Every structure is written in structure tokens, then in C-alpha cells.
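Beneath this line is the structure, given in C-alpha cells, with notes to follow.
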Amino acid sequence: MEITSNQNGNVTVLALEGRLDYTSGNELKEKVNSEFEAGNIRVHLNLAAVDFINSSGVGTLVSLMKNARTRQGRLTLSNLAAYVSEIFEVTQLSHIFEIYPTEEAALASYESSPSRAAVR
Amino acid sequence: MSERRYSFVYQSNGQAEDAMFRDLDSILAELDLDTRTRQAFRLVVSEAFTNALEHGNGFDPAKSVYVDIRVNDRELRADIEDEGERPVNLDFSLAQPESESEGGRGLALMRYHADSVTSGIGKRGGTRVSFGLALKGARSRAIESIE
């Protein structure tokens, strides 16, 4: 998986490309957790170019969401393809993540609620 | 009707997943599948494969995962087998784990996407997972060229 990082104000935006599975999930966990440890506790994941996710990838996202919450940070997701959205629905996880239709909408939410915890 | 069969063996290491997807995608590229069937088959193979690597073989590079795929003009079938020491009877119910659990969703996803899924003891003493997906009117270009 390719992970492209850029900073948008105090939000770290990671654009993911390819498969989110066991191997790439571990790579993503390493990347995001290193951002958290560096004090960048607001992380947005753009999944527009993620064409595959399995239960391992989903588990990675759950782990990162919980880690963000522990650090009083936020983890948001956007641009889920229909296939990926379906996986979230089948695994009944749509309600525990902050999912936005676009990156712009997600970033706007940080401006309006910068310190909101990453769980509803 | 003719059937095509593809068999692969993968060492249980960090490169296995990529190697499996390369082989699987090359097979699926030969087939005239609708997107949903293709995605479903990739997902179910991936779930069974990851379970074999992680839970069956414990990522022990001395152990292998065996993947056997069969295609005819009615269905896609696969058997995924590990070399674990204790074969496991898997529960393929659709029940989900506690919402913030980081694991435990793979079997339900397999059950949701496959038309049939079973587990048992493999030829090598580990766990074997077998599943099938019906092809909805699609035919293999390769099989058409044979007939």
C-alpha cells in the first residue's frame, strides 16, 4: 500500500492507495502511531484509492481509532468506495467511526470541533 | 464442461499475502467476472489465507499455506489449507464480535460473501477451509476458447 502524507493545519492527512489487509495494515498502524507519538493526534485517512479491505484492515482502523481516543485525539475517514462502505456495514462498524463523504468535509469538521474525541 | 484448476503453495512469511494476491489476480484477470463476484472471491480467499497464515501457521516460515482454486462455468471454488498442529472447527455464523474488538470478523465476512463455506481437517493435518461462489451468468474467456 502507498501512503501519502501531508499536513493541513493541525491535521495530518494520509491518502491511502491499494489494499488494506494484514501486511499493509501493520504498515499503516506503524505510520499513524508514529504520528500520534510525535504529538500529531488529529489524523485523517482518505480512502478514495483503497480498492480492497478485509477484516485485518478493518481491525487496523479500529485499533487506530481506539489509540486516537486514548490520546484525546481524532481519527477520521473519508471517500470510502462502495465496496469498502459495504464491509463497514456488514461488520457493523459504520457507527463507531467518523466517516465523511469527502476529505474537505472531514477537514471542515476539525475546524468546527478541533478537540472532539474520535468516538460517538 | 471443462474445469480449470490452479494450485499454489506459500511460505508463511511477510511476503505471502502479496504473492497470493498476484497469483489470484492473474487468475481472475482471465475470467469474465462482474465486479461484485470478483471482489467477493478476493475477499473470501484473503480472509481464509490470512487465518491460515496467522492462526494456523503462526507465521512460521517452516509452514506453508496451500491454495487450490477451481473454475468452471458455474462457480468459483477454493480450498485453503494450513499446516497448523491442531485443526480448528470454525464458526461461520454471521455474529459480529464486540464493536471495538480488533479481530474476529473474518469468518462472518466469509460467510456473508460466499455461497457455501465449510472447514475441516486438511490433508496435512491442519485446518482446511473450502468455499464456493456461483457465477451469475459469467463465463471464462479461457474456457470458451477451449470448447
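Can you give the FRET efficiency to the nearest 0.05 for A:GLN7 and B:ASP32, using r as the Cβ-Cβ distance and R₀ = 41 Å?
Efficiency, from the Cβ-Cβ distance: 0.40.
Give the calculated FRET efficiency between A:ALA108 and A:GLU17 to the nearest 0.05, with a Förster radius of 25 Å applied to their Cβ-Cβ distance.
0.60
Which value in nm describes the separation of the simple spin-label points at B:ASP60 and B:VAL9, placed 7 Å from the Cα toward the beta carbon?
A separation of 1.6 nm, rounded to one decimal place.
Under a plain spin-label model, where a point goes 7 Å from the Cα along Cα-to-Cβ, how far apart in nm are A:GLU27 and B:ALA134?
Distance between label points: 3.8 nm.
Leaving out same-chain residues fewer than 8 places away, which lysines sit with a Cα under 16 Å from that of B:LYS123?
Answer for B:LYS123, where 16 Å is the Cα cut-off: B:LYS63, listed by chain and number.
So how strong a dipole does region B:1-81 carry about its Cα centre when Lys and Arg Cβ are +1 and Asp and Glu Cβ are -1, to the nearest 20 debye?
It works out to roughly 100 debye.
Residue by residue through B:103-109, how many Cβ atoms from other chains fall within 10 Å of the Cβ on average? Before the final figure, lay out the partial values.
Details: counts 6, 3, 11, 6, 1, 4, 6.
Mean partner shielding for this stretch: 5.
Between helix A:103-112 and chain A, what is the angle of the helix's C-alpha long axis to the longest principal axis, kept within 0 to 90° and rounded to the nearest 10?
In chain A, helix A:103-112 runs at an angle near 30 degrees to the longest axis.
Can you tell me the length gained on complete extension of the stretch A:ASP51 to A:ALA82, counting 0.36 nm per residue apart and subtracting the Cα distance? Can you show the working numbers first?
Numbers: separation 31, 0.36 × 31 = 11.16 nm, distance 0.96 nm.
Taking 0.36 nm per residue and subtracting the Cα distance, the gain is 10.2 nm.
Provide a whole-number value for the mean count of partner chain Cβ atoms within 10 Å of the Cβ atoms in peptide A:52-65.
Across the residues of A:52-65, the mean count of other-chain Cβ atoms within 10 Å is 5.
Dipole size in debye (nearest 20) for region A:64-116 around its Cα centre, Lys and Arg Cβ +1, Asp and Glu Cβ -1?
Approximately 400 debye in magnitude.
Straight distance only, please: which lysines reach the Cα of A:LYS31 with their own Cα at less than 27 Å, same-chain residues fewer than 8 apart left out?
A:LYS66
Mind giving me the nanometre distance, one decimal, between the label points for B:THR118 and B:ARG74, set 7 Å out from Cα along Cα→Cβ?
1.5
Helix-only mean residue ellipticity at 222 nm, chain A, DSSP H runs n ≥ 4 weighted -39,500 (n - 2.57), per residue, nearest 500. What is it?
Roughly -13500 deg cm²/dmol at 222 nm, from the helical runs in chain A.
Where does helix A:22-37 land angle-wise versus the long Cα axis of chain A, in degrees 0 to 90, nearest 10?
The helix A:22-37 is inclined about 0 degrees to chain A.
Can you give me the angle between helix A:55-70 and the longest principal axis of chain A, using Cα atoms only, in degrees from 0 to 90, rounded to the nearest 10?
Here the helix axis deviates by roughly 10 degrees.
Between A:GLU17, A:GLU89, A:GLU103, find the one with the highest GNM mean-square fluctuation for chain A; connect C-alpha pairs within less than 10 Å.
So, out of A:GLU17, A:GLU89, A:GLU103, the one fluctuating most is A:GLU89.
Every number in this text was worked out from the coordinates using simple rules, so none of it is lab data. What you are looking at is a predicted structure, and each value in this text was computed from that prediction instead of being measured. So basically every Cβ, Gly included, is an ideal-geometry build from the backbone, and we count neighbours across all protein chains shown.
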